[in-house]
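Participant: Sharing a structure with you now.
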Amino acid sequence: MSLFGRIFSLNAVMLVVAVLLLLFGPVTISSQARASEAVIVVGGMIAMLIANVVLLRVGLAPLARLTRVMTTVDLLRPGTRLAARGRGDVAALIGAFNTMLERLESERATSAGRALQAQEAERHRIAQELHDEIGQTLTAVLLDLKRVAKLAPDDVRDQLTQVQETTRNSLDEIRRIARRLRPGVLEELGLASALRALATEFTTAGLSVRKQVGKDLPALGKDAELVVYRVAQESLTNAARHAGARHVDLRLGGDGGGGVELSVRDDGKGLRGAAEGAGLRGMRERALLIGATVTVASPPGGGTAVTLRVPGGQT
Ligand SMILES: Nc1ncnc2c1ncn2[C@@H]1O[C@H](COP(=O)(O)OP(=O)(O)O)[C@@H](O)[C@H]1O
Ligand SMILES: [Mg+2]
């Protein structure tokens, strides 16, 4: 029955019962209502109101459930659907909502994929320009400085050496930035070496990164490798920036079913209910693109663990 029909018939039944009781029941009302009559009529009215509330609650319960899902649904955790029980227009509404969720999820995945691709392409371009343009210019400056330093008098030579040192440092810095923007090692040497380089890069005086890359890893596609790399990079960045950790364990291994599992675990202060930022959202978005899942949790033992599961069959 439609929602309208259901509410109307519930109310009609109650009104009919009340009228029948008044007409044929023992209840009487004088033109000047007496106190005892008033009590009975008011009591009857209260009983009708209570019955009304209960029946409306039950009748509208599916709508309340729908509202709850609508306000809490998260497209980055796809798969939330409401069970549409029975027939009528509430079930139709729930069905339409589920279809809309499906469409939103697939559109979201497509547009996220496009945005991430554009981002990677732009990073690629900037990294190339940094490396090829500024990198080459600085290298030329460095060579010129070396040549001039040889001809310069002693007191100037010291200063020139200083300038050479500064230039070399910025050249290194530019190379580092370019590498971070575009994980060239990923393309050249593969995922295992790229992760090793990442671990080395994040190892500093205060933070040690232990890495463990399994042997005989199933081969992943280029997209999946990039996702694993970016998730590891963001997790290490978070561990270095937010956790106050001393050790980080970076682990990549097969899951036994043709897929791989990346785990980055630090011994820092834990998430403490921190809201998700662009970094964690980006991880989920990337993972969705290749059908992988990310979980971020702070286990009771302390610290934070990020786990990425890439299912098998990713080419
Ligand atoms: N390894 C971690 N240890 C402690 N807190 C973390 C860790 N990773 C993330 N967080 C918390 O979660 C928040 C969201 O992280 P993220 O989405 O990467 O955004 P951002 O790094 O830009 O702040 C951080 O601001 C931080 O408070
Ligand atoms: Mg972050």
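Participant: Of the numbered conditions (1) surrounded by 14 or more Cβ atoms within 10 Å (Cβ to Cβ); (2) free of Cβ contacts under 8 Å to residues at least 60 places away in the same chain; (3) farther than 13 Å from residue 239 by Cβ; (4) more than 9 Å from ligand 1 (Cβ to nearest atom), residue 310 satisfies every one except a single condition; which is it?
Facilitator: (2)
Participant: Only one of (1) open to solvent by 60 Å² or more (accessible area, probe 1.4 Å); (2) more than 30 Å from residue 59 (Cα to Cα); (3) free of Cβ contacts under 8 Å to residues at least 24 places away in the same chain is not met by residue 111, so which one is it?
Facilitator: Residue 111 satisfies every listed condition except (1).
Participant: Restricting to the range 75-111, what's the tally of residues that are outside any helix (DSSP H, G or I) and touching a helix residue (DSSP H, G or I) at 6+ places or on another chain (Cβ under 9 Å)?
Facilitator: 12
Participant: Here is a further query. Return the only residue of 234, 225 being in contact with a Gly (Cβ under 6 Å, 6 or more places away or on another chain) and either at pLDDT 90 or above or more than 15 Å from residue 252 (Cα to Cα) (or both).
Facilitator: That would be 234, the only listed residue that is in contact with a Gly (Cβ under 6 Å, 6 or more places away or on another chain) and either at pLDDT 90 or above or more than 15 Å from residue 252 (Cα to Cα) (or both).
Participant: Of all the residues that make up the range 171-192, how many are modelled with pLDDT of 90 or more and either farther than 21 Å from residue 253 by Cβ or more than 26 Å from the chain's Cα centre (by Cα) (or both)?
Facilitator: Of the residues in that region, 4 qualify.
Participant: Let me ask something else about it. In the range 266-294, what residues are assigned to a strand (DSSP E or B), free of Cβ contacts under 8 Å to residues at least 60 places away in the same chain and within 16 Å of ligand 2 (Cβ to nearest atom)?
Facilitator: Listed by number, the list holds a single entry, 266.
Participant: Given 186, 220, 198, 160, which one is open to solvent by less than 40 Å² (accessible area, probe 1.4 Å), part of a loop (DSSP other than H, G, I, E, B) and farther than 19 Å from residue 296 by Cα?
Facilitator: 220
Participant: Hey, another quick one. Report, ordered by the first and then the second residue, all pairs with beta carbons closer than 9 Å, sequence separation of six or more or different chains, a first member in the range 8-22 that is over 17 Å from residue 53 (Cα atoms), and a second member that is of a type in the set (Gly, Ala, Ser).
Facilitator: Close Cβ pairs satisfying both conditions: 21/44; 22/44.
Participant: Could you grab me the full set of residues in the range 221-244 that are away from ligand 2 (no atom under 14 Å from the Cβ) and free of Cβ contacts under 8 Å to residues at least 60 places away in the same chain?
Facilitator: Answer for the range 221-244, where residues must be away from ligand 2 (no atom under 14 Å from the Cβ) and free of Cβ contacts under 8 Å to residues at least 60 places away in the same chain: 222, 225, 229, 244.
The values are calculated or read from the model by the stated rules, or taken from the named source; none is laboratory data. Since the model is a prediction, treat every value here as computed from it, not as a measurement. In this analysis, Cβ positions are derived from the backbone assuming ideal geometry, glycine residues included, and neighbour counts consider all displayed protein chains. Note: accessible area is taken over every heavy atom of the protein model, side chains too, but ligands, DNA and RNA are not part of it. Shrake-Rupley method; radii C 1.70, N 1.55, O 1.52, S 1.80 Å.
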